[in-house]
């Protein structure tokens, strides 16, 4: 683990954000100052398009639409109703009727005027669509999990680098102040030498069944073939399209482990300043009514993924334990610490919940302009996604696995290695 | 729940139930991969073949390649087949894919080419090269990408020759493929070939984004030698090129700082701003002087970015540089431009919190004091804000005076700053200030800030102490504060308010308790739900109580207790519904058993059935057997036709899955349902009826312990059976790893116990004669369905013994005594000296 400056750009963004609550109204640091987004000429606006936007995507988009230097001009979605909803949302914000709609996102990517895209489809599409967007010269904000396999996470990272694009994974907690402060307590040694970090995960589930076949809908209403995209063929059932795809192997990432793990393991990596590595062993533990996976870094630091035993600080909790104390925080914005000394350093409670991408989207647009790497850039994403996938594979196989962070291969476990990648359905190529 | 997920995967991979091709007994010992190949060579349906391919992806070898390759031309199965071939390490997979290049067409051919690329099959370069000019552009593009992936000098040559040919889309993709290839070459340290390739791309007429990507790559590949090319990009008029240059600089890192510094003066203001921001991101303190200089630039945007860059660079700089930066920032905080001053203030706060040297800390403190004493309004305000931001507690007395300042701006700033500076000693004064200012006032905000960082219990006590003399309105403010920090004193105080006689206080307190963040709120909420007189608050307390189980973290047992307690006192359907929501979200063996028990209640049968059906439909980690059993009970009990039909559908699916899973795992029946073959024991006591083994009766006492013993001995195994015990006081059990005592009715060894007071315990029969492990006495009945069939699972692995009743684990015991044998017979018991009857059925076992 290289020792990077604990006080990086992200840290600053949060200090600034925190400062604005310490100093009450009038706000000292307006978003404009943080954002390189003062009054902008129309010609310098970032032109944005959207691919596959429903609930979470709509929430992220609402924050993007608020940015004065961003204009959302097009939505591509396989569902007619979603195309309509998003168009209405954008048109209302833009005060016109000009948001274009596409069934096939390739038409959207072919447009020269679009600088960046928000990708918020289901997991099965994220990496493929992100890579196609990057090759089309667009910067990418992709919801997590950004890649459905170890191989795709790696390939996505390489594609972003090769094409010289800016990439932000939708792991917005990297830009939420209470998570940042907890990470900082670990990074700056205020907890003493860190020995264990904890990442919350969902109940794991790995389904391989096919739901009963139903007649395929009119592609103008729901384009099933396009919905499936790079996932293997299976018979249509409306439930998948309505959200029941979760937990199904072909559509979900790591038996649902990445649903939260992509956030929480990522925050642990951040706290440990381990963005350039990952744990080297992954061991599923037999704990009743939980999915405990114990991972260990090369330097002996333990990372425990678990569902139960959290303090109740909201969803997506993380906990860092050192020889001198611990900190735990979650989406409520509240932070618990082991001592009054640590409490003394806490910033005022954040009014921004962990689910809010407010600062995360701004970080992305700033980087579109400065060409810097956003907080959840492709390198950060690849490492934490791959570690999550490794943990999920260990859980599926029910045995301890050893992983080499350099070659990104399991050591002496052929079967595990062969679970690192899946074929992409033709004709999708990246 | 067992941690081994493999069976699930495995089961799906060979779920042959719906097809005529079942695995025959003769196949039982055939290796798994060979059986799966048989599936592919049979007339099994699409699903089974898909799952066979999926499993072969993980375990197949060369011998499976031909069978899999047959499906490369099948539109439905091609992806599954390619997943398998992509992952089979043997060259046979490469050959199968190369052969398919000649047989499959169109999109399917694209798929095959992708798989070849993914395998980086060097031998395929010759076959792929002609495809670069295929009439079907999709095929040509796929070939280009595959060659890029393969990334050898030969692949590079083919791609280089194809550059600039074909339609625009193809040209573009070949361009990217070249960059891909260059990356692969650079990875194996062939930078020269890589660079040559990238330079060629730069010279072709391609869309700008590819050319810029190529330029970036060329700069990064060359390292220091690329700085000239970098400088060129940074000087370009075209904004995209300038940005690509900035990105390349950041990829190069610190070695680009000098180039950035040199370029800086020649740039227009708005680009200077971007460049300074990039310097901040590179985090090279050598850029600090430029950033400091930039704060006196012309445009506001540049100044702002310069301040932010200082925030990035100063914390890692030396004291001298930090002092310079600080001076500049202090000059800026006095500015009239609020954004700029604010940015500078926040950077000073950041520097202060970055653990600077004592010298710098002193400088910051002194500067803040000086500002505080200043006569100029702007400077005084800056001092106030900085004192708060830097948490300068020694400034509190000054700030408390300024709270009464005539200028409203100063007054408000001072109040806010107290949130940062107030210490525990000064807290009562801030509390009083907040109480006299009212809710949502700046003082109230400041109090929140102070309370969130001061020692928890002491702060709570200070707040609770202020309750005594406060008006009712002020009490509301205090309650909010207490709820915000939580903890023991806070909870007690808010609960007391909920019990008060004042409606406003009760309203506030019950509302806060309903949102409480920790589970220690559950007991008082239950108590309030039982005892409050006002019905509105009573219901609110009950809803708050069930919310704890829904939203906060509890053990499965605690959660079920909340469900039970809620159903016991809930009068309205609304609250009962919430209970089922909790159950639906938390599918544990315990919650399944509990929900099953609710089926008997007519009023609750429909929601309980719906909960069980939804678990089955959504997929849960619940043991198949337990879920099947629950669905059976839904089918038998519900009068709702829709639920019955859905339950039936799920039951079919899951029970088939369960059966297949057991079969694949190697479970074998130990009891044929008709004879005592394989067993011996007292056949006057043990009898067979309806496929069940029965012992004892409900009319006469069994005189002494009797055991039906297996002829065979087992060491490591997993045993499953069903049991039903009848009688007022019952006792039976399953002996494992047990020894016969010659010519005696007793046996000696472990018993997985059953019966009144002993459910699920591990007892040592005729040996240590005591309970070795088991749940606490008061919890032993919980998983058991009295007078009905129950599932029993016993797993012995080495010294470890685990037991589950209806999916709920009751024992996890590891034998410490090395002299105790870890093998022996299995025996079914009926206990002596009791009037009771035991039924056993469906006894099956797999050896581990």
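The values are calculated or read from the model by the stated rules, or taken from the named source; none is laboratory data. Just so you know, these numbers come straight off a predicted model, no measurement behind them. Backbone-built Cβ (ideal geometry, glycine too); neighbour counts: all protein chains shown.
Things worth noting here:
- Note on the range A:257-285: residues that are out of contact with any strand residue (DSSP E or B) (no Cβ under 7 Å at 6 or more places or on another chain), surrounded by fewer than 24 Cβ atoms within 10 Å (Cβ to Cβ) and within 30 Å of residue A:231 (Cβ to Cβ) total 2.
- Out of B:539, B:519, B:546, sole residue that is surrounded by fewer than 22 Cβ atoms within 10 Å (Cβ to Cβ) and closer than 22 Å to residue A:331 by Cα: B:519
- Scan of the range B:338-359 for residues that are within 14 Å of another protein chain (Cβ to nearest Cβ), touching a helix residue (DSSP H, G or I) at 6+ places or on another chain (Cβ under 9 Å) and farther than 19 Å from residue A:345 by Cα, ordered by number: B:339, B:340, B:341, B:342, B:343, B:344
- Flag for residue B:840 being over 17 Å from residue B:626 (Cβ atoms) and in contact (Cβ under 8 Å) with a residue 40 or more places away in the chain: yes
- Hits in the range A:140-156 (condition: farther than 22 Å from residue A:55 by Cα and buried (at least 24 other Cβ atoms within 10 Å of the Cβ)): A:150, A:152, A:153, A:156
- Among the candidates B:626, B:631, residue that is in a helix (DSSP H, G or I) and either on the phi > 0 side of the Ramachandran plot or in contact (Cβ under 8 Å) with a residue 60 or more places away in the chain (or both): B:626
- Search result, residues across the range B:61-89 that are modelled with pLDDT of 95 or more and not in a helix (DSSP H, G or I): B:74, B:75, B:76, B:77, B:88
- Only residues that are touching a strand residue (DSSP E or B) at 6+ places or on another chain (Cβ under 8 Å) and either within 12 Å of chain B (Cβ to nearest Cβ) or within 16 Å of residue A:265 (Cα to Cα) (or both) were counted in the range A:168-184, giving 7.
- Residue within the range B:124-145 that is farther than 26 Å from residue B:203 by Cα, touching a helix residue (DSSP H, G or I) at 6+ places or on another chain (Cβ under 9 Å) and surrounded by 19 or more Cβ atoms within 10 Å (Cβ to Cβ) present: yes
- Filtered residues of the range A:195-210 (kept if part of a loop (DSSP other than H, G, I, E, B), more than 9 Å from every other protein chain (Cβ to nearest Cβ) and either out of contact with any helix residue (DSSP H, G or I) (no Cβ under 8 Å at 6 or more places or on another chain) or surrounded by fewer than 20 Cβ atoms within 10 Å (Cβ to Cβ) (or both)): A:202
- Selection status of residue B:335, outside any helix (DSSP H, G or I), within 13 Å of chain A (Cβ to nearest Cβ) and either on the phi < 0 side of the Ramachandran plot or crowded, with 16+ Cβ neighbours inside 10 Å (or both): yes
- Number of the exception - residue A:329 against (1) at pLDDT below 95; (2) under 22 Å from residue B:445 (Cα atoms): (1)
- The residue that is surrounded by the most Cβ atoms within 10 Å (Cβ to Cβ), among those in the range B:305-321 that are away from chain A (no Cβ under 13 Å) and closer than 14 Å to residue B:354 by Cβ, is B:321.
- Some residue of the range A:398-406 being at the interface with another protein chain (Cβ under 7 Å from one of its Cβ atoms) and surrounded by fewer than 24 Cβ atoms within 10 Å (Cβ to Cβ): yes
- Single unsatisfied condition, residue B:99 versus (1) within 11 Å of chain A (Cβ to nearest Cβ); (2) touching a residue at least 24 places away in the same chain (Cβ under 8 Å): (1)
- Residue selection: residue A:147 satisfies the criterion of being within 24 Å of residue A:232 (Cβ to Cβ), away from chain B (no Cβ under 14 Å) and under 12 Å from the mean Cα position of the chain (by Cα).
- For the range B:151-190, the tally of residues that are without any contact (Cβ under 8 Å) to a residue 40 or more places away in the chain, in contact with a helix residue (DSSP H, G or I) (Cβ under 6 Å, 6 or more places away or on another chain) and farther than 15 Å from residue B:133 by Cα stands at 12.
- The range A:415-429: number of residues that are more than 7 Å from chain B (Cβ to nearest Cβ) and either surrounded by fewer than 18 Cβ atoms within 10 Å (Cβ to Cβ) or touching a residue at least 12 places away in the same chain (Cβ under 8 Å) (or both): 3
- Residue within the range A:374-394 that is without any contact (Cβ under 8 Å) to a residue 12 or more places away in the chain, away from chain B (no Cβ under 12 Å), within 24 Å of the chain's Cα centre (by Cα) and farther than 25 Å from residue A:69 by Cα present: no
- Just one of the listed residues (B:302, B:267, B:288, B:330) is crowded, with 19+ Cβ neighbours inside 10 Å, in contact with a helix residue (DSSP H, G or I) (Cβ under 7 Å, 6 or more places away or on another chain) and more than 27 Å from residue B:381 (Cβ to Cβ), namely B:288.
- Evaluation of residue B:843 against the conditions (1) surrounded by fewer than 22 Cβ atoms within 10 Å (Cβ to Cβ); (2) modelled with pLDDT of 95 or more; (3) more than 20 Å from residue B:780 (Cβ to Cβ) shows that the sole unmet condition is (1).
- So residue A:121, is it over 26 Å from residue A:197 (Cα atoms) and within 12 Å of another protein chain (Cβ to nearest Cβ): no
- Of all residues making up the range A:223-238, the number that are outside any loop (DSSP other than H, G, I, E, B), farther than 14 Å from residue B:75 by Cβ and under 24 Å from the mean Cα position of the chain (by Cα): 2
- The residues on offer are A:332, A:356, A:350, and the sole one that is touching a helix residue (DSSP H, G or I) at 6+ places or on another chain (Cβ under 6 Å) and either assigned to a loop (DSSP other than H, G, I, E, B) or at the interface with chain B (Cβ under 9 Å from one of its Cβ atoms) (or both) is A:350.
- Failed item in (1) within 22 Å of residue B:423 (Cα to Cα); (2) modelled with pLDDT under 95; (3) touching a helix residue (DSSP H, G or I) at 6+ places or on another chain (Cβ under 6 Å), with residue B:368 passing the rest: (2)
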